[in-house]
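Okay, structure first, notes after.
The values are calculated or read from the model by the stated rules, or taken from the named source; none is laboratory data. Just so you know, these numbers come straight off a predicted model, no measurement behind them. For neighbour counting, all protein chains shown are included, and Cβ atoms are generated from backbone atoms with ideal geometry for every residue, glycine included.
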């Protein structure tokens with residue numbers, strides 16, 4: 001039996017509604033918040049305690065402390081980038097060095113340089129409203145393969161690792177075959193291997209890891225650190241996440257196609 005014109009229109013109308021709903025949900029990731037000045041003396045002072053950030057880099061020039069809204073774990077925010085907009089013409093991308101757990105009013109705190117980019121006066125007690133969303137970090141903030149640092153106190157019986165420059169949000173970490181726990185007080189994962197503490201151990205010269213991302217990608221490899229307090233670069237990286245603009249273009253194309261099909265059905 002050939003479907004009726006009314007039935008086909010209903011099917012396409014449902015499809016159009018679903019695409020529109022998905023597009024609206026995507027656009028809803030923009031968060032409105034008051035902006036304020038935020039100052040750090042060193043990159044590792046924030047709650048994220050990011051060890052691998054160079055003080056002369058853009059990461060420490062345009063940085064941000066985000067409110068806890070939507071942040072279930074520090075891994076949801078730390079070492080990521082946010083795009084902040086003031087109106088339609090002013091914007092800046094900033095690197096997350098801290099999560100402001102006591103920001104009760106949901107304010108987003110930006111470095112002096114970031115506020116200047118938005119044409120706010122950093123010395124003003126209240127800078128004004130902005131909108132922001134998490135975005136893929138540009139190469140000026142993150143590039144190359146996944147990097148990691150060993151944190152203070154690392155030993156052959158306690159391995160705390162901090163990962164950054166990842167193309168995706170890391171949701172699960174396995175270190176030397178053990179599922180790692182995430183710290184609630186700072187941005188790192190750790191395991192406690194069995195055995196006795198050995199100050200002469202060179203365990204740090206090869207640390208095997210498996211990382212799982214928020215979209216289900218899995219990477220396995222190793223880090224070779226020079227010391228138990230060092231940082232190192234891997235030979236692997238997640239596949240880059242799709243841009244929001246790409247999703248928007250795709251959604252617009254689908255809506256257009258469905259609309260055209262509905263017009264054709266009307267003509268038939």
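Among (1) within 19 Å of residue 49 (Cβ to Cβ); (2) exposed (fewer than 14 other Cβ atoms within 10 Å of the Cβ); (3) touching a strand residue (DSSP E or B) at 6+ places or on another chain (Cβ under 9 Å), where does residue 189 come up short?
Every listed condition holds for residue 189 apart from (2).
When you go through (1) closer than 18 Å to residue 97 by Cα; (2) out of contact with any helix residue (DSSP H, G or I) (no Cβ under 6 Å at 6 or more places or on another chain); (3) in the same structural domain as residue 212 (by TED's automatic domain parsing) one by one for residue 175, which number turns out not to apply?
(1)
Output the number of residues of the stretch 222-242 satisfying the condition of being farther than 17 Å from residue 160 by Cα and either modelled with pLDDT of 95 or more or in contact with a strand residue (DSSP E or B) (Cβ under 8 Å, 6 or more places away or on another chain) (or both).
4
Among the residues of the stretch 53-83, write down those that are within 16 Å of residue 140 (Cα to Cα) and under 16 Å from the mean Cα position of the chain (by Cα).
53, 59, 62, 63, 64, 79, 80, 81, 82, 83
Of these, 120, 141, which one is in contact with a helix residue (DSSP H, G or I) (Cβ under 7 Å, 6 or more places away or on another chain), assigned to a loop (DSSP other than H, G, I, E, B) and buried (at least 20 other Cβ atoms within 10 Å of the Cβ)?
When all the criteria are applied, what remains is 141.
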